[in-house]
Amino acid sequence: MTIQLTQDQKDFQEAIRAFVDKEIIPVARDMEHSGEYPTAIVEHMKEMGLFGMTIPEEFGGLGVDMTTFSIVFEELSRGWMGVAGILGSHSMACFVIAKHGTPEQKAKYLPDLATGARRSGLGLTEPGAGTDLQGISTTATLDGDHYIVRGSKTWITNARHADPLPVLVKTDPKADPRHKGMSVLLIDAGTPGFTIGKDIPKMGYKGPESCEVILDEVRVPVEQLLGGVEGRGMQQVLSALETGRLNIAARSVGIAARAYEEAVNYAKSRMAFGKSISEFQAIQLKIADMATDLQAARLLTYWAASEADQGKRVDLQTAQAKVFASEVAIQNSLRAMQVHGGYGYSTEYEIERLYRDAPLMSIGEGTNDIMRMVIAKQIFAD
Ligand SMILES: Cc1cc2nc3c(=O)[nH]c(=O)nc-3n(C[C@H](O)[C@H](O)[C@H](O)COP(=O)(O)OP(=O)(O)OC[C@H]3O[C@@H](n4cnc5c(N)ncnc54)[C@H](O)[C@@H]3O)c2cc1C
């Protein structure tokens with residue numbers, strides 16, 4: 001098995017890296033600390049077509065392969081993981097609409113989502129249910145040619161910018177098994193009763209907002225039922241999460257890579273006891289572990305992406321990549337902090353942001369324990 005990027009993928013990687021070095025790295029620390037929304041960066045990402053990565057070319061998207069998709073998330077996260085989050089759930093929403101939407105839904109939404117004129121996110125989690133999505137309590141009751149939606153969502157990233165927001169609901173709360181009563185509704189911004197509540201304060205992942213969403217008797221036309229058939233919501237969402245895990249694995253590689261780069265550069269420049277700290281074996285051991293784990297995380301992620309590109313089901317592969325890479329991101333950010341000594345703890349350096357951003361990678365798109373259960377299930381099923 002070889003993992004070799006094509007010339008097109010290498011060119012794309014180079015373009016994204018240049019963009020990140022020029023437009024993101026110089027401003028990330030200040031913007032993250034001040035809480036300023038990265039509007040100019042978003043505009044540039046629109047120009048680069050990045051909002052259309054998971055949208056087929058016929059609808060104006062880039063329709064990139066999963067390896068290229070991973071490259072983008074890795075490179076952006078090397079600069080600032082929060083910026084990658086602006087594209088993350090948007091790309092998943094585009095993926096579900098492109099894969100499961102009716103022809104009318106695709107025509108209505110995909111061209112604008114591809115340019116970023118419209119943006120999106122994914123409304124799954126509720127105050128009482130995250131991992132156990134089949135335990136959600138938001139309901140959609142048919143009333144003539146509309147559904148009446150009642151409930152609430154939480155932690156919804158990009159909610160303030162989402163139009164439409166795909167929202168997971170129960171169209172048949174009594175269904176057994178429960179997933180057969182679940183559907184996705186595409187709710188347009190501004191629909192009466194659909195309100196974005198407070199921004200949830202976060203330790204990291206600044207940039208994109210993560211919000212409460214209140215659904216108070218929202219009247220949603222039946223044409224907004226994703227795919228036009230009730231009971232497919234859970235399946236639709238799970239197919240998106242497969243792609244989502246790849247973006248989380250790739251974001252983790254980006255964080256781990258930046259931590260490694262910063263640690264190497266700092267170790268070369270910092271003097272102690274009359275020599276560069278890079279000459280101390282204790283520092284060298286940390287750097288060696290960082291480099292080795294980073295390489296392993298990257299290979300696992302690109303392998304999972306290449307398996308997806310071959311059209312395979314990749315729950316096992318993406319779960320393995322996500323678990324491993326996210327834990328490397330956490331470890332590398334801590335090791336980089338140790339290499340930096342006191343400066344690693346300072347908000348004037350990049351390391352503390354990497355350290356605050358990394359843990360989310362072990363939570364989002366399915367916690368790592370759940371991913372381990374997905375992996376084990378496949379092993380024993382085989
Ligand atoms: C910054 C941020 C952004 C987010 N963005 C979004 C978003 O855009 N859209 C969205 O829908 N959601 C979003 N989420 C929510 C995220 O997907 C959930 O937090 C995640 O799925 C975990 O759900 P939970 O928080 O309810 O934890 P819980 O499900 O309550 O889990 C708590 C703990 O119990 C463990 N656990 C649960 N069930 C089992 C089991 N069966 N076996 C063993 N262990 C178990 C979990 O692994 C975890 O350790 C976001 C979260 C954060 C923090």
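The values are calculated or read from the model by the stated rules, or taken from the named source; none is laboratory data. What you are looking at is a predicted structure, and each value in this text was computed from that prediction instead of being measured. Positions of Cβ are backbone-derived with ideal geometry, glycine not excepted, and every protein chain shown enters the neighbour counts.
Condition check ((1) in contact with a helix residue (DSSP H, G or I) (Cβ under 8 Å, 6 or more places away or on another chain); (2) touching a residue at least 24 places away in the same chain (Cβ under 8 Å); (3) among the charged types (D, E, K, R); (4) surrounded by fewer than 18 Cβ atoms within 10 Å (Cβ to Cβ)) across all residues:
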site	(1), (2), (3), (4)
A325	yes, yes, no, no
I330	yes, yes, no, no
A336	yes, yes, no, no
H340	yes, yes, no, no
Y345	yes, no, no, yes
E352	yes, no, yes, no
A358	yes, yes, no, no
I363	no, no, no, yes
I370	no, yes, no, yes
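Could you tell me which numbered condition Q105 fails, if it satisfies all but one of (1) among the polar types (S, T, N, Q); (2) out of contact with any Pro (no Cβ under 7 Å at 6 or more places or on another chain); (3) crowded, with 22+ Cβ neighbours inside 10 Å?
(3)
Does T171 meet the test of being modelled with pLDDT of 95 or more, within 12 Å of the ligand (Cβ to nearest atom), assigned by TED's automatic domain parsing to the domain that holds L226 and more than 19 Å from the chain's Cα centre (by Cα)?
no
Within region 146-170, track down each residue that is of a type in the set (S, T, Y) and either under 23 Å from I363 (Cβ atoms) or outside any strand (DSSP E or B) (or both). Even if it seems obvious, please write down each step before you answer.
Let us first name the residues in region 146-170 that are of a type in the set (S, T, Y), namely 147, 152, 154, 157.
If the condition is that a residue be of a type in the set (S, T, Y) and either under 23 Å from I363 (Cβ atoms) or outside any strand (DSSP E or B) (or both), then S152, T154, T157 are the ones that fit.
Is at least one residue of region 192-212 part of a helix (DSSP H, G or I), surrounded by 18 or more Cβ atoms within 10 Å (Cβ to Cβ) and under 23 Å from the mean Cα position of the chain (by Cα)?
Looking through region 192-212, none of the residues is part of a helix (DSSP H, G or I), surrounded by 18 or more Cβ atoms within 10 Å (Cβ to Cβ) and under 23 Å from the mean Cα position of the chain (by Cα).
Does L225 meet the test of being within 16 Å of the ligand (Cβ to nearest atom) and either more than 18 Å from L354 (Cβ to Cβ) or among the acidic types (D, E) (or both)? Explain how you work it out, then say what you get.
Working: within 16 Å of the ligand (Cβ to nearest atom): no; either more than 18 Å from L354 (Cβ to Cβ) or among the acidic types (D, E) (or both): yes.
For L225, the condition - within 16 Å of the ligand (Cβ to nearest atom) and either more than 18 Å from L354 (Cβ to Cβ) or among the acidic types (D, E) (or both) - is not met.
Do we find that S252 is surrounded by 22 or more Cβ atoms within 10 Å (Cβ to Cβ) and either within 28 Å of the chain's Cα centre (by Cα) or on the phi < 0 side of the Ramachandran plot (or both) in this structure?
Details: surrounded by 22 or more Cβ atoms within 10 Å (Cβ to Cβ): yes; either within 28 Å of the chain's Cα centre (by Cα) or on the phi < 0 side of the Ramachandran plot (or both): yes.
Here the answer is yes, as S252 does meet what is asked.
Only one of (1) surrounded by 24 or more Cβ atoms within 10 Å (Cβ to Cβ); (2) of a type in the set (D, E, K, R); (3) more than 10 Å from the ligand (Cβ to nearest atom) is not met by R160, so which one is it?
Among (1) surrounded by 24 or more Cβ atoms within 10 Å (Cβ to Cβ); (2) of a type in the set (D, E, K, R); (3) more than 10 Å from the ligand (Cβ to nearest atom), R160 violates only (1).
In region 269-278, what residues are in a helix (DSSP H, G or I), loosely packed, with under 12 Cβ neighbours inside 10 Å and of a type outside the set (G, A, S)?
The answer is none; no residue qualifies.
Residue under question is P166, and the condition is that it be within 16 Å of the ligand (Cβ to nearest atom), out of contact with any Pro (no Cβ under 7 Å at 6 or more places or on another chain), of a type outside the set (V, I, T) and more than 22 Å from N368 (Cα to Cα); does it hold?
Yes: the conditions hold for P166.
Among the residues of region 284-315, count how many are of a type outside the set (D, E, K, R), farther than 30 Å from S239 by Cα and either free of Cβ contacts under 8 Å to residues at least 12 places away in the same chain or surrounded by fewer than 21 Cβ atoms within 10 Å (Cβ to Cβ) (or both).
6
So, in region 363-382, exactly how many residues are within 12 Å of L316 (Cα to Cα), among the acidic types (D, E) and modelled with pLDDT of 95 or more?
Final tally of qualifying residues: 0.
Consider S120 against the criteria (1) among the hydroxyl-bearing types (S, T, Y); (2) surrounded by 21 or more Cβ atoms within 10 Å (Cβ to Cβ); (3) in contact (Cβ under 8 Å) with a residue 60 or more places away in the chain: it satisfies all of them except one. Which criterion is unmet?
Here S120 meets the rest and fails (3).
Among the residues of region 277-299, what is the count of those that are in contact with a helix residue (DSSP H, G or I) (Cβ under 6 Å, 6 or more places away or on another chain) and of a type in the set (D, E, K, R)?
Result for region 277-299: 3.
Out of region 130-145, which residues are touching a strand residue (DSSP E or B) at 6+ places or on another chain (Cβ under 9 Å) and in a loop (DSSP other than H, G, I, E, B)?
Listed by number, the residues that qualify are G130, I136, S137, T138, D145.
Working only within region 56-85, note down all residues that are in contact with a Leu (Cβ under 9 Å, 6 or more places away or on another chain) and within 16 Å of the ligand (Cβ to nearest atom).
F73, M81, V83, A84, G85 - these are the residues of region 56-85 that are in contact with a Leu (Cβ under 9 Å, 6 or more places away or on another chain) and within 16 Å of the ligand (Cβ to nearest atom).
Kindly establish whether E43 is away from the ligand (no atom under 16 Å from the Cβ) and more than 19 Å from F12 (Cβ to Cβ).
Working: away from the ligand (no atom under 16 Å from the Cβ): yes; more than 19 Å from F12 (Cβ to Cβ): yes.
Spelling it out, E43 is indeed away from the ligand (no atom under 16 Å from the Cβ) and more than 19 Å from F12 (Cβ to Cβ).
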